[in-house]
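Remarks on the structure that follows.
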Amino acid sequence: MTFDEWTRSGLPPLLRFATVLCGTPHLAEDVVQDVAIKAQRKWDRIGGLDNPEAYLRRMVVNEYLSWRRKWSRYVPSAEIEPASTPDHAERTADRDQLLGELAKLPRRQRAVLVLRYFGGLNDAEIAETLGCSPGTVRAHASRALATLRIEFTSNRVTEDVHHAY
Amino acid sequence: MRTEESLRDAFEHLADQAPHPTDIRAGLQPRGPRRPRRTAAIICTAVVTASVAIAAVVVPHVISDDSGPAAQVKGNTAWSRWVDLNLPKNFKAVDQRFTANRQDYELVDTTVRTQAPFCQLQLHRNGDFDPSTIPAGSPTVPIGEHTARVVTLDGKKPFMPPPSNYSFPLSAKLRKVLAWEPIDGLWALLSCETLIPQGADIVPTAELQPAVSLAKLISPRAGRLGSPVKLGELPKGLSPQLIHYEPYDNAIPGSGEEFTALLSDGNPATGYVPPVLKPAGLVSGNPWDPARGDDLSIRYDTSKFWNQMTQIRGGKADAVIHGMKAYYTNAKITYSKKDPTKVTLSGPLNTLRLEANGVAVVISSYAAKPSMEQLKRVAASMELTKSPKDPAAWFDAATAIR
């Protein structure tokens, strides 16, 4: 896969992932922009990997964590369109509240949830992405889910999630 | 009660707000091999053949396509239409050029006598256009599901240098160019002007609205490009570099289908050398002139003057190929300005010209002096359409030109 081919097929899903991770499309665009520029320079190596998408996703996560350190003024906040009909109002309000609470999570906890529930990665893969142990991943996830008051319905959450990324 | 499904739902909702990748792509440096840009500024001598006069006003048909998406085009996709223009009836694509990574269309509103808008459309792929040249902060305008940037140019910054020999060159001091990506990886640039009388002068003025209207009609659906010839044996190392097509229009007496394929060995140091620019008083030349480095041109022509050689030679041909009289002859046929019946031949002896039944097939070599036998082999190995005036029945250029 050439870099140009990747920008056509791989860039849109990476932007979706980054938007969920960062909580705002503006920060996601900045993060992915930086990642894409770096990736372009190193594409001779990245393009030859078995799974360049995983590598690029890891770059985005690292960049996000880095950005969060460098740019503390960026506070992830969901930019939600208003509910279109009253029927959806309650559900939308719940989602807004959830997204607001997600924005307040420590960044590594948020990253774990995004990688697990949006990225469809298992704990080992998340650990590799974040550069920590699977046990740490589980700890982050457990604390985050508790903070968000989310009922944990499965011990094998990563086996049945869809791979949205 | 919140569940993991609530979390997934929230993430999906966030993901749907992801930004479009256009701006990121625009910020990246173009990569990959590029075909050298064809510098086509060819100015010819004052020899203006009657054919050129016809070509200057030729007005062809509306572009249509009859095939599926680009992925379904078989053969060389350079010789297919990358989009469907869906031109309104009043607009004609009077000049169409196709190369590996760029396609050019000259569009003219033929129903307006004065102040008719005329436009240039360029399509670029494989990094042929550098979107980072779009100035930051350029205003945007919606084009269907896409967003186009409106780039204002002052003429000193050639954002979109056009092909040579356009009948209606853009010359407004301030140009407005729409730039957008109708298909991922395919950039479209569209600019329109109108000649507006101002006192004693006629001032070319950029017009955005016709460009926006035309842009909205363009459909990201690839189409078939017809070719009246199917190439056969070619001199070693040559491959097609450009197709130039000027369609027929029945409103213009004498006009015809004019289809030209230019071939090259890829070495600009060999082949055609454009004539040196001469002082004023000269006019720009043949629309089918080759570019520097082209080695062979094959032109198929049904315009009024298809039978020039037959007239000059009194029917005495050097050979008969495909049932057509074939003449080994000079490159140019020149009509006297004072007496159009007086015709002379000039230029190098490098051409084989086939004429019959309203069709001329002109094969010219710009490499070393070709022998008649070489050109006859090229001609004899070609296959010609049985429907010269019906482009819909022509061969598929994607496979016929290769």
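The values are calculated or read from the model by the stated rules, or taken from the named source; none is laboratory data. All figures in this text were calculated on a predicted structure; none of them were measured in a lab. Cβ atoms come from the backbone with ideal geometry, glycine included; neighbour counts cover every protein chain shown. Surface areas here come from the heavy atoms of the whole protein model, side chains and all, with no ligands, DNA or RNA. Shrake-Rupley method; radii C 1.70, N 1.55, O 1.52, S 1.80 Å.
Amide H to amide H, which residues 5 or more places from B:LEU153 or on other chains are under 5 Å from it, using H placed in the peptide plane? Distant-sequence amide H within range of B:LEU153: B:ARG175, B:LYS176, B:VAL177. In the structure shown, the pairs B:LYS230/B:LYS316; B:LYS230/B:LYS389; B:LYS89/B:LYS216; B:LYS89/B:LYS389; B:LYS92/B:LYS173; A:LYS38/A:LYS104 are assessed against 18 Å; a Cα-Cα span above that value is assigned to B:LYS230/B:LYS316; B:LYS89/B:LYS389; B:LYS92/B:LYS173; A:LYS38/A:LYS104. A crude spin-label estimate for the pair B:ASN86 and A:LEU49, with each label 7 Å from Cα along the Cβ direction, gives 4.0 nm. Size of segment B:100-219: Rg and Dmax of its alpha carbons, in Å, are 14.1, 46. The 3J(HN,Hα) values that the Karplus relation (6.51, -1.76, 1.60; θ = phi - 60°) gives for segment B:9-18 are, in residue order, 4, 5, 5, 4, 4, 5, 4, 5, 9, 4 Hz. Gly and Pro appear as x. Provide the per-residue ³J(HN,Hα) series for segment B:201-217, in order, calculated from phi with Karplus coefficients 6.51, -1.76, 1.60 and θ = phi - 60°, each as a whole number of Hz, with x at glycine and proline positions. The phi angles translate into 9, 10, 10, x, 10, 5, 10, 7, 4, x, 5, 5, 4, 5, 4, 5, 8 Hz. Between B:SER219 and B:SER171, the simple spin-label model (points 7 angstrom out along Cα→Cβ) gives 3.7 nm. Extending 7 Å from the Cα toward the beta-carbon at both B:VAL320 and A:ARG41 defines two label points whose distance is 7.1 nm.
On the beta carbon distance between B:SER239 and A:MET1, with R0 = 25 Å, the FRET formula returns roughly 0.40. Per-residue Karplus couplings for segment B:353-366, computed as 6.51 cos²θ - 1.76 cosθ + 1.60 with θ equal to phi - 60°, are listed in order as 10, 9, 9, 4, 6, x, 10, 10, 10, 10, 10, 10, 10, 10 Hz, Gly and Pro entered as x. Placing R0 at 35 angstrom, the Cβ-Cβ distance between B:ALA393 and B:LEU349 gives a FRET efficiency of 0.50 after rounding to 0.05. Residues whose amide H falls under 5 Å from that of B:ILE321, counting only those 5 or more places apart or on a different chain, are B:ALA326, with hydrogens built in the peptide plane. Given a Förster radius of 35 Å and the C-beta distance between A:GLU128 and B:THR133 as r, what FRET efficiency does 1/(1 + (r/R0)^6) yield to the nearest 0.05? Calculated transfer efficiency: 0.30. For the pair A and B, the buried accessible area comes to roughly 3600 Å² in total, with a 1.4 Å probe and the value rounded to the nearest 100. Remind me, relative contact order of segment B:100-219 in percent, using alpha carbon pairs under 8 angstrom and six or more residues apart? It comes to 26 percent, rounded to a whole number.
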